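I have placed the structure first, in the form of structure tokens, so that the comments after it can refer back to it.
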Amino acid sequence: MAYGSQPRWTDRSAATQVEIDVGLRQYMLRIYNYMASALALTGIVAYVAAAGGRDSFIAHIYNTPLMWLVILAPLGLVMLMSFGINRLSATAAQGIFWLYAGLMGLSMSTIFLVYTGTSIARVFFITAGTFAAMSLYGYTTRRDLTQFGSFLFMGLIGIIIAGLVNMFIGSSALQFAISVIGVVVFTGLTAFDTQRIKATYVQYAYADGVDAAGKRSVYDALSLYLNFINLFMLLLQLLGNRNSN
């Protein structure tokens, strides 16, 4: 009888693994859909806000104290989501996520005043290809990327500190170094975060309720969205062609 019970246990285990695999694919698809929609919203807002060039809405905003609201509001929202995600409902988390994407579009709209449209499009597709390759690597690799987590985090902190310092000294050499190191860091973070998201889903596949899973998917989409945006901006600084006027 002992041998007769073994196939039933194996079948249940295999069925459970299949359910987890299907659920993981659906979860990752939801995250990528959130992220792609947020990027589309950011791009539309940025393009509309910069329409008209030097006479555009964003050009007038940047000549007023409202400039600081445009710059700092996204930072406030991402901190709210990072530290208050457990107290937010899934609907509230989604609302903040879409608001953040829209405000990021407003904040990034100045790139249309600085860089040519052709170079913005070219760098966007380069970023998309790099992001897709590294996210796929993070999803499929069997190598544990957590060993690089502390290194990537230290690199991120270093970039932030160097960026703040360079706001005062305005060194082009330092800005170039920040951009190069930043590309490496956010490329690595894309793979790292993808693997982290996958591992977290498998760990809590049956522990979370619907609301908790919904909030987690928004937060995970935000992580990948930020990696994409930062990678795009850094590559634009390295590869973008500036407007002549």
* Asked: Which distance in Å, rounded to a whole number, links the C-alpha centroids of segment 147-204 and segment 96-121?
  -> 20 Å
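So if each residue of separation counts as 0.36 nm, and I subtract the Cα-Cα distance between ALA132 and GLN26, what length gain in nm does that give?
Numbers: separation 106, 0.36 × 106 = 38.16 nm, distance 1.73 nm.
Stretched fully, the ALA132-GLN26 segment lengthens by 36.4 nm.
Neighbour counts of other C-beta atoms within 10 Å: give me SER217, SER89, SER119 arranged from fewest to most. Write down the numbers at each step before the final one.
Numbers: SER217 22, SER89 11, SER119 16.
Exposure proxy ranking, most exposed first: SER89, SER119, SER217.
Listing LYS198, LYS215 from the residue with the fewest other Cβ atoms within 10 Å to the one with the most, what is the order? Don't skip to the end; give the middle numbers.
Details: LYS198 17, LYS215 23.
Placing the least packed residue first, the sequence is LYS198, LYS215.
Only the coordinates and a few stated rules stand behind these numbers; no lab work does. Model, not experiment: these values are computed from the prediction. In this analysis, Cβ positions are derived from the backbone assuming ideal geometry, glycine residues included, and neighbour counts consider all displayed protein chains.
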